[in-house]
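So the structure is just underneath, and the comments pick up after that.
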Amino acid sequence: MDQTEAEQVLRDVGNSAGRPVDIAGAALALASFDHPSVDQEQYHRHLSELASDVGRAAGGTERLSERLDALNTTLVAQYGYQGDSQSYDDLQNANLMQVIDRRKGLPVALGILYIHVARAQGWVMSGLAFPGHFLLRLDGPNARLVIDPFHGGTQLEPHNLRDMLKTMTGNDAELLPEHYAEVSDRDILLRLQNNIKLRLIQQNNAEGAGNVVDRMLMLAPSEAGLWRESCLLNAKIGRLQAAIGAIQTFLDFDIGQAARQEAVALLQQMRDRLN
C-alpha cells in the first residue's frame, strides 16, 4: 500500500459517518506511514489466519463465554498476544504492524485485533467509552460481556469496572450507563493515533506529532480541535503557511467567542512572522 492508497483508506473512514469499518485494515494503513516500504500482505494474511483459527475454536457456539474463550485461546494462548506493561510508552505498541510482529501492544491496538477477528465470525463487538483504559464489549441477543484486551482478554464484572474507575478518577466515581456506551470505529482509530501523538509531544518531536495530526484529520476532518493542534505544531517547526491554513479552517467552525478571539490573535501573529 503506497501513501496515496493509505490516505484514501483514512479518508473513507472519515466519510463513514460512524458506521463500522475495516478497523484492522485502517490501522494497518496508519502503520504504513511509518513503514512505507513494508509489504502489508503478510499482515493481512495474519489477520485472516487469526479469524479462521478463532472460527475453528468457537465451533459455531452461541454462548458469549465460549466465544470469549475462543478469542483468548487463539489470540493469547496460541499466538501469544499480550499487553506490554514493561515498555508501555514504546511507540511500537500503537503501530499495528509492529504489534503483530512483537505480539504485544497497547490496549487499543490489541482491542482492534479482537474486534477484527470477532466481527469476522459475525459477532457484535465494539470499543467502550470507558475512561483511561480501553475496553471491549461483546454483545449477544440477551447478554453482553466487557473484556480487557490488555490483560489476556479477561472478562470484567461491574465490581471490577467500579474499582478501575475509582482508581483512575477518584473514590467518589460511580459506574454510569455512559461507561458502557460503545464508541465508533473512527474514534478507536483516533484514540490509537492520539497515543502516538502524545508520546511524540513528550519527546519534543513536533514534526512527528504534526504528521500524526495530519492523519487524524483524514479520519476526522470535522474535528475543530485537531485543526488548532495542526496550527500550533506547524507553527512550532516553522511551517507558517500550513499553520495559517489550519487556523483559518479552525475559524470556519462554530467555536466559542473566547476560542475565536484567541485564534484570530494567533493568526495575526503568524502573518506578522511571515512579513
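The values are calculated or read from the model by the stated rules, or taken from the named source; none is laboratory data. Everything numeric here is computed off the predicted structure, so don't read it as measured data. Here the Cβ is made from the backbone with ideal geometry for all residues, glycine too, and neighbour counts use every protein chain on show.
Going through region 232-246 one residue at a time, which ones are of a type outside the set (D, E, K, R) and either part of a helix (DSSP H, G or I) or within 17 Å of Glu262 (Cα to Cα) (or both)?
Leu232, Leu233, Asn234, Ala235, Leu240, Gln241, Ala242, Ala243, Ile244, Gly245, Ala246
Can you tell me how many residues within region 146-180 are assigned to a loop (DSSP other than H, G, I, E, B), of a type in the set (A, V, I, L, M, F, W, C) and in contact with a strand residue (DSSP E or B) (Cβ under 7 Å, 6 or more places away or on another chain)?
So the answer is 0.
Output yes when any residue across region 222-241 is touching a Phe, Trp or Tyr at 6+ places or on another chain (Cβ under 8 Å) and basic (Lys, Arg), and no when none is.
Yes, region 222-241 contains at least one residue that is touching a Phe, Trp or Tyr at 6+ places or on another chain (Cβ under 8 Å) and basic (Lys, Arg).
So if I check each of Ala70, Ala51, Ala57, which one is part of a helix (DSSP H, G or I), crowded, with 17+ Cβ neighbours inside 10 Å and under 22 Å from the mean Cα position of the chain (by Cα)?
Answer to the selection: Ala51.
I want to confirm something. Restricting to region 49-79 and keeping residues that are touching a residue at least 40 places away in the same chain (Cβ under 8 Å) and of a type in the set (S, T, N, Q), which single residue is farthest from Ile23 (Cα to Cα)?
Ser65
Within the group Gly132, Gly152, Gly170, which residue is surrounded by fewer than 16 Cβ atoms within 10 Å (Cβ to Cβ), assigned by TED's automatic domain parsing to the domain that holds Leu71, of a type outside the set (Val, Ile, Thr) and closer than 30 Å to Ser48 by Cβ?
One residue alone meets the criteria, Gly152.
Could you tell me whether any residue of region 110-127 is farther than 23 Å from His44 by Cβ and touching a Phe, Trp or Tyr at 6+ places or on another chain (Cβ under 8 Å)?
For region 110-127, residues farther than 23 Å from His44 by Cβ and touching a Phe, Trp or Tyr at 6+ places or on another chain (Cβ under 8 Å): absent.
I need the full set of residues from region 189-200 which are closer than 14 Å to Asp90 by Cα and surrounded by 18 or more Cβ atoms within 10 Å (Cβ to Cβ), in order please.
Those that are closer than 14 Å to Asp90 by Cα and surrounded by 18 or more Cβ atoms within 10 Å (Cβ to Cβ): Leu192, Gln193, Asn195, Ile196, Lys197, Arg199, Leu200.
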